[in-house]
Amino acid sequence: MKKNLFIHLLPILFFAEVCYSYVEIDTKAPDFTLSNSSGEEISLSEFSGKKIIIEWTNHGCPFVAKHYKTGNMQSTQQFSEEINAVWLSIISSAPGTQGYVTPLEANELTLTRSASPSHVLLDSDGTVGKMYEAKTTPHMYIIDEEGILKYQGAIDDAGGRGFMFKDLLKAKNYIKNGLLELNKGDEITSPITKPYGCSVKYAS
């Protein structure tokens, strides 16, 4: 009974799939500077010449939790690392909201989840999240070596009804596929997909 109730309430409580406006694909990705979980100032522009993956995250979100519990997010991070791409995990949860963490807590999460982002960036005032129109956790972006936004949307095609019961490691992974296509010199087949997950917990 409890499981059935959870299934019925899940779309109401957590699922965020609405009409979106998007930062335009094939345009320059907006530059930004944020503090990472070690207190260093990190700018997007310092990674010029490398592919960049941006992941909006919130450890309290059931969708994010499943991606990490199953190893799907870590597998995608490791894949990006193998091709020398930079992975930036951004936390835009405001203080007092789900997913807000201190720098120390962010580092503990990285360690306990065996995650391997290049940096965890803290955006508690939501400035960068709103700049990129990030709507969900996770919400994923790929930027090429020239700083051009090439992809934004979901990590994979597992969203929708029954997500909690799907095998994410068998889903179509848009990030891995997109990076492979860019490495071949091709355009990404599906440059925009609909992100799914919890809404980003911006300040009111």
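The values are calculated or read from the model by the stated rules, or taken from the named source; none is laboratory data. Note that this is a predicted model, so its numbers are computed, not measured. Note that we place each Cβ from the backbone using ideal geometry, even for glycine, and neighbour counts take in every protein chain shown.
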What pairs can you find where one residue is in the stretch 114-125 and in contact (Cβ under 8 Å) with a residue 12 or more places away in the chain, the other is surrounded by 19 or more Cβ atoms within 10 Å (Cβ to Cβ) and among the acidic types (Asp, Glu), and their Cβ atoms are less than 9 Å apart, with a gap of 6+ or different chains?
117/55
Pick from the stretch 120-130, criterion among the charged types (D, E, K, R) and assigned to a loop (DSSP other than H, G, I, E, B), ranking: farthest from the chain's Cα centre (by Cα):
125
Which one is nearest to residue 133 (Cα to Cα) among residues in the stretch 180-204 that are under 15 Å from the mean Cα position of the chain (by Cα) and not in a loop (DSSP other than H, G, I, E, B)?
199
Could you please find all residues in the stretch 55-72 being in contact with a Ser or Thr (Cβ under 8 Å, 6 or more places away or on another chain) and either modelled with pLDDT under 95 or among the aliphatic types (A, V, I, L, M) (or both)?
64
Counting only residues that are crowded, with 21+ Cβ neighbours inside 10 Å, of a type outside the set (A, V, I, L, M) and without any contact (Cβ under 8 Å) to a residue 60 or more places away in the chain, the stretch 82-102 contains a total of 2
Tabulated pairs, the stretch 56-79, first under 10 Å from residue 137 (Cα atoms) and in contact (Cβ under 8 Å) with a residue 40 or more places away in the chain, second in a helix (DSSP H, G or I) and hydroxyl-bearing (Ser, Thr, Tyr), C-beta under 8 angstrom, 6+ apart or interchain:
59/68
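Please determine, by comparing only the residues of the stretch 129-139 that are closer than 12 Å to residue 55 by Cα and of a type outside the set (S, T, N, Q), which one is surrounded by the most Cβ atoms within 10 Å (Cβ to Cβ).
Of everything passing the filter in the stretch 129-139, 138 is surrounded by the most Cβ atoms within 10 Å (Cβ to Cβ).
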So which of 133, 145, 105 ends up being closer than 29 Å to residue 83 by Cα, part of a helix (DSSP H, G or I) and either of a type outside the set (A, V, I, L, M) or touching a residue at least 40 places away in the same chain (Cβ under 8 Å) (or both)?
105
Conditions (1) among the basic types (Lys, Arg); (2) surrounded by fewer than 17 Cβ atoms within 10 Å (Cβ to Cβ); (3) farther than 22 Å from residue 48 by Cα -> residue 184 fails only (3)
